[in-house]
Amino acid sequence: MWYFSSPQVVFGPEALMHLATLQGQRACIVTDQTMVGLGFVDKVAEQLQYAGIEHRVFAAVEPEPSLQTVQQGAQAMLDYAPDWIIGLGGGSVMDAAKAMWVLYEHPEMHPEEINPIVPLGLHQKARLITIPTTSGTGAEVTWAIVLTDTEVQRKLGLGSRENMADIAIVDPELAAAMPPRLTAATGMDVLTHAIEGYTSTWCNDFCDGLCLQATRLTLQWLPKACADGNNLEARERMHNAASIAGLGFGNSMAGLAHAMGHSLGAAFHLPHGRCVGLFLPYTIEFAVRVGGTRYAEIARFLGLPASSEMEGAASLVVTIRQLTRDIGEPLNLQEVGISSEELAAKMRRLVDYTANDTQMAFSTRSPSNQEIQRLFEYAWAGKSIDF
């Protein structure tokens with residue numbers, strides 16, 4: 001037995017206007033200063049005004065939200081007592097909003113206690129709306145929460161199906177402000193979600209179609225969105241792809257590229273999408289060497305050569321690396337700017353964090369600690385996996 005969870009998704013141009021139809025008294029907008037500066041908070045506030053809903057803004061979420069920030073936001077909600085919580089921004093903001101919602105409903109909890117096992121009984125005080133302004137994480141439609149423990153510089157994978165948003169508003173106009181580098185990095189996140197969601201050990205019929213379509217959309221439209229940020233069709237297709245991939249992998253889980261990406265991002269403070277996208281082709285090469293993978297199925301769906309499992313995986317890797325190069329993303333850790341000395345100095349932590357990452361449980365081939373180290377070393381050198 002398994003479950004497929006999804007918010008109500010309102011998508012397309014002018015989807016933000018759905019806020020004007022809400023019923024309630026007070027809303028807390030969780031966001032960051034960038035969203036304030038871009039005027040997006042004002043756009044949300046305008047729609048809430050049409051609905052007759054008062055609001056306050058908590059705009060202190062950092063790029064890697066900490067446990068402390070989440071606690072501060074929850075306290076602000078306890079002081080204001082909203083019946084709607086709106087997470088407006090990228091994945092970090094939406095994850096923070098999810099966690100704040102839980103602590104607002106349960107002030108006795110600590111953020112690190114949020115897990116899929118303990119019943120939360122939410123919706124006693126408020127409901128949650130997520131509004132993505134980047135096309136990548138899919139956090140608007142998933143229940144995962146990634147927070148940072150600043151004391152040990154480690155990312156924590158938290159969340160419960162109960163803390164999934166009630167409504168996700170996927171309005172492509174909010175993504176039009178993304179610069180090319182951010183568009184590229186978040187787009188690689190979409191591709192990794194889609195491919196790992198399709199090939200994880202928890203893949204299922206309900207998620208397969210979503211993951212395949214998100215893969216196809218990303219390969220077709222990401223280069224266009226990076227080349228011309230004013231291409232509204234490309235923006236809309238990538239914004240949709242991010243949410244579609246989020247629904248796919250959010251209900252089937254990810255894999256080794258995410259485990260390694262989480263570790264690298266925490267150790268070197270690098271963008272999540274850039275990290276997982278960089279490791280994706282290496283982990284495909286690693287997994288296919290033991291067989292029983294689904295990469296050839298993806299390749300056939302995309303019309304790539306795939307007469308065998310190995311050929312399909314190789315075709316997919318070539319396609320991913322070509323896309324990566326076309327949009328200006330790094331293909332190895334040297335291109336990221338990490339020296340061999342820096343990698344060696346943090347290798348023990350990288351290996352430990354990867355081995356203990358939750359997404360390791362869903363990888364089609366689970367590496368030993370020694371193999372994890374070799375994967376990092378090969379990814380630094382840009383060397384194809386041969387073990």
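Bear in mind that the values in this text are calculations on the coordinates, not laboratory data. What you see is a predicted model, and the numbers here were worked out from it, not measured in a lab. Backbone-built Cβ (ideal geometry, glycine too); neighbour counts: all protein chains shown.
Worth a mention:
- Helix 232-250 vs. the chain, principal-axis angle (Cα, 0 to 90°, nearest 10): 80
- Sorting the segments 118-130, 273-285 by their mean number of nearby beta carbons within 10 angstrom, highest to lowest, gives 273-285, 118-130.
- The listed peptides 31-41, 154-164, 92-102, 333-343, ordered by packing as a protection proxy, come out as 92-102, 154-164, 31-41, 333-343 (highest mean of other Cβ atoms within 10 Å first).
- Taking the C-alpha atoms only, the angle from helix 180-199 to the longest principal axis of the chain is near 70 degrees.
- Per-peptide average of other Cβ atoms within 10 Å, ordering 296-306, 252-262 highest first: 252-262, 296-306
- Using C-alpha pairs under 8 Å with a sequence gap of at least 6, the mean separation divided by the residue count of the chain gives a relative contact order of 15 percent.
- Cα-centre dipole for the chain with unit charges at Cβ (Lys and Arg positive, Asp and Glu negative), debye to 20: 560
- Relative to the longest principal axis of the Cα atoms of the chain, helix 272-288 runs at roughly 40 degrees.
- For region 174-218 versus region 261-337, the spacing of their alpha-carbon centroids is 12 Å.
- Charging the Cβ of each Asp and Glu at -1 and of each Lys and Arg at +1, and nothing else, the dipole of region 8-175 about its Cα centre rounds to 180 debye.
- Full-stretch length increase - SER307, TYR80 - with 0.36 nm per residue and alpha-carbon distance subtracted: 75.7 nm
- Dipole axis of the chain (+1 Lys, Arg; -1 Asp, Glu on Cβ), positive-most option in PRO13, CYS28, GLY248: GLY248
- Theoretical gain in end-to-end length, HIS123 to VAL36 [0.36 nm per residue, Cα-Cα removed]: 28.6 nm
- Under conditions of 25 °C and 0.890 mPa s, region 243-328 yields 178 µm² s⁻¹ as its translational diffusion coefficient, taking Rh as the Kirkwood radius over Cα pairs in the Stokes-Einstein equation.
- Approximating the spin labels as points 7 Å out from Cα along Cα→Cβ, the VAL318-to-VAL152 distance works out to 4.4 nm.
- Dividing the convex hull volume of the alpha-carbon atoms in the chain by its residue count gives 125 Å³ per residue.
- Sum of -39500 (n - 2.57) over DSSP H runs of 4+, divided by residues of the chain (222 nm, nearest 500): -16000 deg cm²/dmol
- Computing FRET efficiency as 1/(1 + (r/R0)^6) for GLN25 and GLU112, where r is the C-beta to C-beta distance and R0 is 45 Å, gives about 0.90.
- Cα-based Kirkwood hydrodynamic radius, region 8-175, one decimal, Å: 15.5
- DSSP beta bridges in the chain [antiparallel fraction, %, rounded to 5]: 20
- Cα centre as origin, Lys/Arg/Asp/Glu Cβ charges: region 261-387 dipole, Debye: 100
- Note on region 180-381: along the principal axes its Cα atoms extend 45, 37, 28 Å, ordered by decreasing extent.
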